[in-house]
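These notes are about the structure you will find just below.
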Amino acid sequence: MTISGGDAARQAPSGTHLPGPQAPSVTLVAPHELDETDLAAWRRFQGQDIALASPFLDPAFTRIAAEVRRGVEVAVMRQDGAPIAFLPFERRGRTGGPVAGAMSDCQAVLADARIELDVRALVRAAGLSVHDFTFARAAQAPFKPFHRSTCTSHLIDLTAGFEAYLRERREAGRSLPDGSSGLPHHALQRARRLERQAGPLRFALHDPDPGTLRRLIDWKRQHYRRTGAPDVFARRWTVALLERIHATQSPPFAGVLSTLSVGQQVIAAHMGMRSGDVLHWWFPSYDIAYARHSPGIILLAELCRAATEQGIRIIELGPGDEGYKLLMANAGIPMATGHIVARPSLSASWRGIRNGMERMAARMPLGRYAGWPAKLFRRVETALRLR
């Protein structure tokens, strides 16, 4: 779908400056309509910044999501026929959001680093009134005016190798309380103890068996029931998304289902994705019968060891300040939540009211209850993005 005619003003977003006689134009396409030139440009833009190397930002993820999810589109900006920017999003009427909704841990605009991009004009050209982002790369200049809150996506940087990573984490642990048992060298100690009690451990970087993925999903659903968290896999499309990613094995993008076993029995598993030399830690779980041995942490430590042997230098643990992430991570990427209002609408008005209520609650003397409105809104929005 090309924006033209009465929407001509949307073809040349103000604030975008490029050499050349033609003004940029914006075209809306389905992900599978991108040709090889488009895909090569998309991945070239990813390669300009390590923060954009996430599997969530790979075109393969957007294409797979479009197979199981309605409304996935890509706004493509072109100059003299060549692509200069891509904004993948999921449409609900005039509102845009992350591809794959609440399943997405990372969003960004993929653009030529030489251009000055007016992302509001790009969103308007895509036919949207509002575009929501939940975990955008905060360093991206086009999004900065629209940040509502920020957080950190925790990373394990293995560039110097596994042994160097172990030494660095061990040294960092010297300043922590003695009870901090989630550091990688502690995980390896737990692995040796478990082997003495239960038998030899076996780690596999990727298990192609769909049955193992089903077992992992069952463990996750049991965990959601125990903790009262929303059941991500109550929706068929979320299961289908993982199944298709698991089955995708290509050099630029692949699903990675890692397992930890005692003998032939899988006791922990993790479903993630790899794009180039970056692996995203996504859905880990374990057999609760082995919970006291912390099999999930053992699996992550073994994944770090295997990653360096397979050319993976970054494991992104994602947002959230779970204790194990803070102990295992040795780097981080700033992330931001917010929304871009391209034109007045009911959706934009609602977001203004919500933001006002959150700010008012934060200023009031509510103590530990001050964050409840924001948590409630996030829970409702997560449920909506899983629909």
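The values are calculated or read from the model by the stated rules, or taken from the named source; none is laboratory data. If you're wondering where the values come from, they're calculated on a predicted model, not measured in any experiment. Cβ placement follows ideal geometry from the backbone for every residue including glycine, while neighbour counts extend to all protein chains displayed. Remember, those area values only see protein heavy atoms, side chains included, never the ligands or the DNA or RNA. Shrake-Rupley method; radii C 1.70, N 1.55, O 1.52, S 1.80 Å.
Of Cys304, Cys151, the order by accessible heavy-atom surface (1.4 Å probe, DNA, RNA and ligands excluded), from most exposed downward, is Cys151, Cys304. The residues neighbouring Ser54, those whose beta-carbon lies less than 9 Å from its own, together hold a net charge of -2 under the Lys/Arg +1, Asp/Glu -1 convention.
Assign one of three labels to region 127-274, namely rounded, prolate or oblate, based on the Cα gyration tensor with a ≥ b ≥ c the square roots of its eigenvalues; rounded applies when a/c is under 1.5, prolate when it is not and a/b is larger than b/c, and oblate otherwise. Can you show the working numbers first?
Working: a/c = 1.81, a/b = 1.21, b/c = 1.49.
Here region 127-274 falls in the oblate category.
Is region 29-86 rounded, prolate or oblate when judged by the Cα gyration tensor, a ≥ b ≥ c being the square roots of its eigenvalues, rounded requiring a/c under 1.5 and prolate requiring a/b larger than b/c? Oblate, since a/c reaches 1.5 and b/c is not below a/b.
For the pair region 121-149 / region 243-314, the C-alpha centres are spaced 32 Å from each other. Seen from Met328, the other residues with C-beta closer than 15 Å to its C-beta sum to a net charge of -1, counting Lys and Arg as +1 and Asp and Glu as -1.
Rounded, prolate or oblate: which one fits region 203-340, using the alpha carbon gyration tensor with axes a ≥ b ≥ c (rounded when a/c is under 1.5, else prolate when a/b beats b/c, else oblate)? It comes out rounded by the Cα gyration axes.
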